[in-house]
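*Asks:* Could you have a look at this structure, given as structure tokens, before my questions?
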């Protein structure tokens, strides 16, 4: 038996997601073009980053995304534990936030900023722009977790839940491309 | 879902570990990993596997387009 | 007309159209001066004519926005305007101040005007589009605050529709951003940076909210589509406008001193600026396709659809043409900028004001279903004449711009033509633009003439409308 | 394939999106103004004469015909680099050129674009020259592409 095809979440959120993905895609292309013009600067800049922190950030976002995904499925089916999963996801994602802040502190202490060179311009803008998205996502998770804490109701707002979750996964998706581009490819 | 998570973790860690081990020429692997991870996130986590096809492909197309554009634009 | 106080919009619309005619007249003078350099010199030098042309545009659009607001806020809020008297007083204050300012431009030279108005106490004059004497700028601020208070109170005491919320947000932003007009530091780069807070964040920011709200209101009225549907699209469209447009300000920071990262940010975000305009086209045509009534005011519907298309072409497509930094490096400050400016202002803002006038004026003149078929036919002639003329103006200026870039900007230092030599070489395009401008004036005359035709559209039969849906 | 599309979600995106991008824009403005601009706009070179020159520039509505850094009317030549174009990058040469130019206006050549006679004093011409010289030294990402502007 096939279920009718169904888009999780709100159309408005999907329009936003498409727009955001387009912005990030254009920024990635810009990054690649700039890198082609000046590979030495980019290689030197990359050497200053901390791949360990980057890796840990990635893992924290993936795990959080997993928790959000299972929370959404559970919520739709009326299972318990949605709130717990969302709180856990929020907690896990804090590893990303703290890691990023630590790395900003390190780099800033070493004298790097938005205007240092083209690599750091992209590094700071891309990661900070993404960082802000994560912070917004964390706010969304917080709101959803508080909402889900309330006892089971018939009129569960699966629209809000799925919309928030998809936004969060979009943030994760962007990072999955951003992380290797910035930290790994040498 | 838990399987998806496992694959995502492996795909993320693998290039980093290999790079740390001093291997060169990892770019194709890194890009392939991006594609696999994006596929899983979109289809499983976002649950677009069951979404109307045009939505599924619109979002699924993103990662390949980025990878392709990066390859072309960067002349890699 | 559902509420008596909506009628205060009428003088605003009439005065707006008078200033519009003045704007086009001075546009023709400018177009002629481009090819006959000493035309009207020294009585009306180019800089004066241009100042009158652009300032009239801004002021008449503000009159149009105000009229539109006085018209639709009470109706949306389902209540009478807080103070029709205040609206009338502010109309006369603004009209007199505006007229005096224009007369000032024309009667004394600019330096004298600056001295007469004590510009040295708070120097704000002599910057593009902000040429108004400081006292006029203060006047605009005062009128705007009074206006905002009047409609704000009205909107708050009545029904809070999305149209009203978005419109009020846009107007509030308009007033707040106007305050940057008073900041004029000695540092030119700083001056320009915040000057764009007025200019860009008006036309590619808050004005888009105003435009979106008016368009949504018109579509609700003309198509009978459920308000709920139109309102959520309005939200999404203006969200896109702000998401792309705010950082999109960066495309003005390329060559005036701010750091290099604006080259990237400005390019990327303004590449998305056509998106909200494109959505507006889809939105308008979709709503019309799904219409549940056939409103007999065909002219208003044509204006509404035309606005969405021309705004997309002028602001979206022509903006994108030269917004990427590597392209803009060559086109910045060329006739391509002028081409984009003309079509964008006409398509987005002139046409939205003419749309609401086309809908509201007949009602205020006691013709609830629109003007007679003859008057509408004439108005539609005006629409096509003006719109096609503007398309031609834009194409000719684009041609001039491309040639200018080719001759003056692209070659290396030794081989590039000087500015004036280039101007001579592209004179043919300027002549053609002038002809197109004359046709535009013709279109405007036809359009204004349609107001003189008597009679009204008959009340529509109900069944016909239902059958279409 | 029912799609859900709610007004409340659209509103959240509008409000959230606007606040997000306004804050981001303000953060970038802060970085531009506080960190970057002092290195690029030579603000330490803004003398009294330069400031006075900007006033002369504004009081005579020069931007009504000319462009400066590409902004203004497109009727007369770009002036952000006129110091290099007409003065060859030398202050005294440029000052002499500007003084002679301002005196000679209008040319009254029939059919040609005319520049008004502004009756500037010697001091005002000095200030204007200082302003245009300072302007030519702003780091504007190497615009215009060539000396013709």
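A short reminder: the numbers here are calculations on the coordinates, not readings from a lab. Since the model is a prediction, treat every value here as computed from it, not as a measurement. A quick note on method: Cβ atoms are made from the backbone with ideal geometry, for glycine too, and the neighbour counts reach across all protein chains shown.
*Asks:* Kirkwood Rh over Cα pairs of the stretch C:170-233 into Stokes-Einstein at 25 °C, 0.890 mPa s: D in µm²/s?
*Replies:* 182 µm²/s
*Asks:* Which distance in nm do the two modelled labels at residue A:5 and residue C:89 give, with both placed 7 Å along the Cα-to-Cβ direction?
*Replies:* 6.2 nm
*Asks:* Listing D:143, A:102 from the residue with the fewest other Cβ atoms within 10 Å to the one with the most, what is the order?
*Replies:* Ascending Cβ contact count within 10 Å gives the list A:102, D:143.
*Asks:* For the stretch A:35-88, what are the per-bin percents of Cα-Cα distances with bins 10 Å wide, up to the bin holding the maximum?
*Replies:* Spelled out bin by bin, the stretch A:35-88 gives 22, 27, 19, 16, 13, 2 percent.
*Asks:* OK, next. Please work out the C-alpha center-to-center distance from the stretch C:394-423 to the stretch C:291-361 and express it in whole Å.
*Replies:* Using only Cα atoms to place each centre, the spacing works out to 26 Å.
*Asks:* Let me ask another. If you bin the C-alpha pair distances of the stretch C:1-43 every 5 Å from 0, what whole percents do you get?
*Replies:* With 5 Å bins starting at 0, P(r) equals 6, 19, 15, 13, 11, 9, 9, 6, 5, 5, 2.
*Asks:* Another question, if that's okay. In 5 Å bins starting at 0, how do the alpha-carbon pair distances of the stretch C:238-376 split up by percent?
*Replies:* Percent of pairs per bin, in order: 2, 10, 16, 18, 16, 12, 9, 7, 6, 4, 2, 0.
*Asks:* Calculate the FRET efficiency for residue C:327 and residue A:38 from the Cβ-Cβ distance with a Förster distance of 22 Å, rounded to the nearest 0.05.
*Replies:* After rounding, the FRET efficiency stands at 0.60.
*Asks:* Give the shape of the protein assembly as shown as rounded, prolate or oblate, defined through the alpha-carbon gyration tensor: a ≥ b ≥ c are the square roots of its eigenvalues, a/c under 1.5 means rounded, and otherwise the shape is prolate if a/b is larger than b/c and oblate if not. Intermediate values should be presented prior to the final figure.
*Replies:* Numbers: a/c = 2.05, a/b = 1.22, b/c = 1.68.
Judged from the Cα gyration tensor, the protein assembly as shown comes out oblate (a/c at least 1.5, b/c at or above a/b).
*Asks:* Sort C:131, C:75, D:48 so that the residue with the fewest other Cβ atoms within 10 Å of its own Cβ comes first and the one with the most comes last.
*Replies:* D:48, C:75, C:131
*Asks:* Restricting everything to alpha-carbon atoms, can you work out Rg to Rh for the stretch D:1-71 with a Kirkwood hydrodynamic radius?
*Replies:* Ratio value, two decimals: 1.31.
*Asks:* Another one. Would you calculate the separation in nanometres between label points at residue B:20 and residue C:25, each defined as 7 Å from the Cα along the Cα-to-beta-carbon direction?
*Replies:* Result: 7.8 nm between the two label points.
*Asks:* Could you give the length gained on full extension between residue C:424 and residue C:103, defined as 0.36 nm per residue of separation minus the Cα-Cα distance, in nm?
*Replies:* Working: separation 321, 0.36 × 321 = 115.56 nm, distance 3.23 nm.
Length gained, residue C:424 through residue C:103: 112.3 nm.
*Asks:* Computed over the Cα atoms of chain C, what is the ratio Rg over Rh, Rh following Kirkwood?
*Replies:* Details: Rg = 22.1 Å, Rh = 23.0 Å.
Rg/Rh for chain C comes to 0.96.
*Asks:* Could you tell me the calculated FRET efficiency between residue D:29 and residue D:139, based on Cβ-Cβ distance and R0 = 22 angstrom, to the nearest 0.05?
*Replies:* After rounding, the FRET efficiency stands at 0.80.
*Asks:* If you average the C-alpha positions of the stretch D:71-122 and of the stretch C:1-46 separately, how far apart do those two centres end up, in angstrom?
*Replies:* Answer, in whole Å: 31.
*Asks:* Still on this model: Taking the Cα centre of each part, how many Å lie between the stretch C:217-236 and the stretch C:98-128?
*Replies:* Their Cα centres are 43 Å away from one another.
*Asks:* In terms of the Cα gyration tensor, with a ≥ b ≥ c the square roots of its eigenvalues, is the stretch C:1-160 rounded because a/c is under 1.5, prolate because a/b exceeds b/c, or oblate?
*Replies:* prolate
*Asks:* By the gyration tensor of its Cα atoms, with a ≥ b ≥ c the square roots of the eigenvalues, what is the shape of the stretch A:1-126: rounded for a/c under 1.5, prolate for a/b over b/c, or oblate?
*Replies:* oblate
*Asks:* Between residue A:110 and residue B:69, take the C-beta separation as r, use R0 = 41 Å, and let me know the FRET efficiency to the nearest 0.05.
*Replies:* Working from the Cβ atoms, E equals 0.85.
*Asks:* For the modelled label position 7 Å from the Cα of residue C:381 along Cα-to-Cβ, which residues of the stretch C:402-443 have backbone nitrogen atoms closer than 18 Å?
*Replies:* Of the residues in the stretch C:402-443, C:438-443 have backbone N under 18 Å from the label point off residue C:381.
*Asks:* Another question, then. Using Cβ contacts closer than 10 Å as the measure, can you line up D:136, C:358, C:107 from fewest to most?
*Replies:* The fewest-first ordering by Cβ neighbours comes to C:107, D:136, C:358.
*Asks:* Then there is this: Taking every residue in A:169-176, how many Cβ atoms of other protein chains lie within 10 Å of its Cβ, on average?
*Replies:* 6
*Asks:* Considering all alpha-carbon pairs of the stretch D:1-40, what whole percent are spaced by more than 17 angstrom? List each step's numbers first, then the result.
*Replies:* Working: 420 of 780 pairs.
Counting pairs separated by more than 17 Å, the tail of P(r) holds 54 percent.
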